[in-house]
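Have a look at the structure below before the remarks.
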Amino acid sequence: MADSKSGAKRLYMHVGLPKSGTTFLQARMAANRDRLLREEGILYPSPEQVSVLHAALEVRGSHGTRGFSAEKVAGSWERLTTLVRAHDGTSVVSHEHFSGASVQQIAAARERLEGLEVHVVVTARDPVRQVPAMWQESIKNGATRNFERYGRQIMADLESGEHSRGFWSAQELTEVLRRWGTLAPPERMHLVTAPQAGGDPLELWRRFAGVVGFDPEKMDAEGERANESLGMAQVGLLRDVNATLDGRIRRPAYDRVAKRLFAQRILATQRSSPRAVLPADLFDPLHTLAERWVKEIEASGIQVHGDLADLLPRPLPEGAAHPDEVSDAERYAAAREAIADLLVEVERLQRRRPPAWRRAAPGSLRRVARRLRLSLARAR
C-alpha cells in the first residue's frame, strides 16, 4: 500500500477505462472526501473547486462532444493542477474521459505536472461485458444505433486494427496503458481489475484504496448510486425517445434531462427487463483479445492490483436474447411506467418552483404530453 502521508506531492491520475466501475469509485471518493483529507491527507477535488470533466475535455480538445465551448473549459486543467500542486501530500484525480487521450495530448498535459510524482491508475474489466455496456452508454448519451450496427462497427475496427477512434480509443486496454505509460514508468502504472460479475462489489473499492494508500474500511460512506445499467426494454425505449427528440435537446442540457433524470433516475429503477448480453457470435474474437491483453500486461512490468484472470470473459449464458430483440409491448410497458414516474417528478418539481412557473406549467406540460404520445405511437 502506498504511503499517502509521506509529504511527497503525489498525484494518482485515474483515467478510466469507461464502464469499469469509475462512477462507483468516484461517488465513493466524493462521499468520503472530507474524511480522506482530514484523516489521510488525501485531496479529492470537489466540483466547487474545479470541474474535472472540464479539465479532461480541455486536455482532449473534445469540449464539443459535450456541448461546451472552448471558452467554457479553457483553463480548467491549469486550475486543477494548481490545486494539486498546492496540496502537501497525495491527490487523486479521476475521470474516464482521460482514457482516450493521444500521446500528443498527454505530452501537452505533462507540462503542468512537473515536480509531481505521478501515478497512472487504469481500471478495467473483460471486453465481453464492456461492449454491451458501452453501447448502452452511447444510447444514454443520445445515440440511436441498434446493437447490430454498433457491434458490427466495433468488430470491423478490431479486425482492421483501428484503435484511434470510437470504441477502441478508450477500450483497447493495452493501447491505453501504452499511451499513458508515456507519463509514468511501469512501477507507477497501476492496473486495477474489476471483479467478475457476481463477485463482491466492494472488492474494486478495496483494490483501488490499496493503490492510493488509504484504509477502505474507514471510509464507510457509500456515495450516491449512479449510472445503473438499464434493461433491454428500457434501452429500446430510450432509443425511440432519442429518435423522436431528433436533437431538440442538445448537450449539456440533454445530460441533465434525458441522461441523469430520465435514464439514470427513472428508467434505471425498472427491474422487469433483462440486461443486454453480448451475442454469441462476437464472443471468440473478444476472448482472444483478452488473452492477448493478459500476456502483454504480464510482460510489461505494470503493477497489477487484483487478478488478471478477471479480464478473461466467462462463457455467455445460454438462450439470452439479442440486445435488439425487444417487442413493442415491452417498450410500451416501460414507457407507461416511466411516464407515471415522470409525472410524479414534475409534480415534485412544480411544488418547489415559484408561482410564476406554476402558472406557466399547464401549457408546457401539454406540449410534453403531446410529444410523449407521438413517441409512444411511433414505438408501437
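The values are calculated or read from the model by the stated rules, or taken from the named source; none is laboratory data. Quick caveat, the model's predicted, so the values are computed rather than measured. Here Cβ is always computed from backbone atoms with ideal geometry, including for glycine, and neighbour counts include all displayed protein chains. Keep in mind that these areas ignore ligands, DNA and RNA; they rest on the heavy atoms of the full protein, side chains included. Shrake-Rupley method; radii C 1.70, N 1.55, O 1.52, S 1.80 Å.
Tally the DSSP beta bridges in the chain and give the antiparallel ones as a percent, rounded to 5. Just about 5 percent of them are antiparallel.
Can you compute the label reach from Ala107? Point 7 Å from Cα along the Cβ direction, backbone N cut-off under 16 Å, restricted to segment 180-201. Within reach of a label on Ala107, which here means backbone N under 16 Å from a point 7 Å along Cα→Cβ, segment 180-201 contributes 180-184. By a 1.4 Å probe calculation restricted to protein chains, Lys295 has an accessible surface near 150 Å², given to the nearest 10. Remark on the chain: Rg and Dmax equal 21.7, 67 Å (Cα only). Using C-alpha pairs below 8 Å separated by at least 6 residues, the relative contact order for the chain is 22 percent. Within a straight-line Cα-Cα reach of under 12 Å, Lys72 can be paired with the following aspartates and glutamates, leaving aside sequence neighbours fewer than 8 residues apart in one chain: Glu58.
Taking each pair of different alpha-carbon atoms in segment 21-109 once, compute 1/r for the pair, average those values, and report the inverse of that mean as the Kirkwood hydrodynamic radius in Å to one decimal. Answer for segment 21-109: a Kirkwood hydrodynamic radius of 13.8 Å. Debye-formula intensities of segment 169-292, expressed as log10 I(q)/I(0) at q = 0.18, 0.20, 0.22 Å⁻¹, are -1.25, -1.23, -1.22 (one equal scatterer per alpha-carbon, no solvent).
Taking 10 °C and 1.306 mPa s as conditions, segment 16-164 diffuses translationally at an estimated 92 µm²/s according to Stokes-Einstein applied to its Kirkwood radius (Cα pairs).
Which peptide among 155-166, 278-289 comes first, and what is the full order, when sorted by highest mean count of other Cβ atoms within 10 Å?
278-289, 155-166
Between segment 67-113 and segment 243-291, the C-alpha centres lie 27 angstrom from each other. Can you give the FRET efficiency for Glu325 and Arg251, using 1/(1 + (r/R0)^6), R0 = 41 Å, r = Cβ-Cβ distance, to the nearest 0.05? Approximately 0.90, to the nearest 0.05. Scaled against 2.2 N^0.38 Å for its residue count N, the alpha carbon radius of gyration of segment 80-177 is 1.31.
Note down the net charge around Leu261, summing +1 for each Lys or Arg and -1 for each Asp or Glu among other residues with Cβ under 12 Å from its Cβ. Neighbour charge sum, excluding Leu261 itself: +3. In the context of the full set of protein chains, the chain has a per residue accessible area of 48 Å² (1.4 Å probe). How large, in percent, is the carbon and sulfur part of the accessible surface of the chain at a probe radius of 1.4 Å? Carbon and sulfur atoms account for 51 percent of the accessible area of the chain.
For the chain, the longest principal axis of the alpha carbon atoms and the long axis of helix 22-31 meet at an angle near 80°.
What the phi angles of segment 287-301 give under the Karplus curve with 6.51, -1.76 and 1.60, with θ = phi - 60°, is a coupling list of 5, 4, 4, 4, 4, 5, 3, 4, 4, 5, 5, 4, 8, 8, x Hz, glycine and proline written as x.
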